[in-house]
Every structure is written in C-alpha cells, then in structure tokens.
C-alpha cells in the first residue's frame, strides 16, 4: 500500500533561488496537482469550520491563488493586497521590511468595511513582515482578522511568533527547517 501524501510532499525545494544560500519552497508543484491543491484548500479551511468570514484577503502573489479558492469555498468576497503601484483607484499603503529589503503593500481603500470578519491567506510565512503589513492595512480599514492561514511556515525566521505576539491565530499546513 502506498503511503498517503501530505501537502508537504507536493512542495519542492529549489536551492539558491532567488539568491545564493536560499532554499526556495516552491508551491507551484502543489498547485498543479489537483489532489494536492484540493488537500491544501481543505486543510487551510479546516480550523475555521463553522466560522463566518466576510472576506478572504490574499497577499501577493501566491496568496491570490489560495485566497480565491478559499473565498469561493466560503462564499465570501476576495480582497487582494498587492505591491505598490499595481492597484487602480484609491488605495492605502503600508511600508514594511522583508528578508531582502523594504517594500510597500497596498489595498483599495473601500475593499473592507468596518467590522467585517477577515481571513488572511498566503503560501509562506517567513519573517512575517508581509503578513504584518497586510494585517495593519486590514485594521486601518476597520476589518477584524479572525485568522491567518499559510501553507508553509519557516519557524527559524520567527514570523509565527511575530504574528502571535500581535494576537493573531496562525495556522500553517507544514513547516520546513532552513531558510
């Protein structure tokens, strides 16, 4: 009998991408497999069974793929948080630091209404800088983030601890050692 695959089994590691010394955890191999992709969506939703969400927020770019599928399953709206300059219309911005430098994330200023219940989704949690910027944007618009869901956690980089220190419920499907 063949052992059952886990989400982690579908993720490949690419050495020295995008820089020397980096072990890039590639979720495209998860997305391309229908069973793996369905498993990931189902498992990301599992801890929130019975919870009502108004919106799912996906962080650029792979968070869009996951967030769209999750929003569909929840019959909720989907809100993209994008890199600076990618959204048309009026936006609010949040600067943050990531592993390789500084960046700015933006969201439409009318995408979330005060009091809406939000699930934040992305593929990978590393230092938590991108997720924290997203959470700050949600908060500035009056949204209430109920949970943060990720496919991969890189615990050595401290993102989970950073988000939990903000009072966030953090759910990740698997963890990898080494950055």
Right, residue 178: farther than 15 Å from residue 61 by Cα and in contact (Cβ under 8 Å) with a residue 40 or more places away in the chain or not? yes
Just checking, how many residues over the range 128-157 are closer than 26 Å to residue 39 by Cα, surrounded by fewer than 18 Cβ atoms within 10 Å (Cβ to Cβ) and without any contact (Cβ under 8 Å) to a residue 40 or more places away in the chain? 2
Tell me which residues, restricted to the range 128-163, are farther than 22 Å from residue 12 by Cβ and in a loop (DSSP other than H, G, I, E, B). 128, 141, 142, 143, 158
Just for the range 61-83: of the residues that are touching a helix residue (DSSP H, G or I) at 6+ places or on another chain (Cβ under 7 Å) and free of Cβ contacts under 8 Å to residues at least 60 places away in the same chain, which one is farthest from residue 137 (Cα to Cα)? 73
The one condition residue 125 fails out of (1) in contact with a helix residue (DSSP H, G or I) (Cβ under 8 Å, 6 or more places away or on another chain); (2) buried (at least 18 other Cβ atoms within 10 Å of the Cβ); (3) more than 22 Å from residue 41 (Cα to Cα) is (3)
Being under 20 Å from residue 175 (Cα atoms) and at pLDDT below 95 narrows 17, 31 down to just 17
Residue pairs meeting the criteria (Cβ under 6 Å; at least 6 apart or on separate chains; first under 26 Å from residue 41 (Cα atoms), in the range 13-28; second in a loop (DSSP other than H, G, I, E, B)): 23/178; 24/17; 25/11; 25/176; 27/11
Which pairs have Cβ atoms under 9 Å, sit 6 or more apart or on different chains, and link a residue in the range 41-60 that is free of Cβ contacts under 8 Å to residues at least 12 places away in the same chain to one that is exposed (fewer than 12 other Cβ atoms within 10 Å of the Cβ) and part of a helix (DSSP H, G or I)? none
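The values are calculated or read from the model by the stated rules, or taken from the named source; none is laboratory data. None of the values given here were measured: they were computed from a predicted structure. Because the Cβ atoms are built from the backbone with ideal geometry, glycine has one as well, and the counts that use them run over all protein chains shown.
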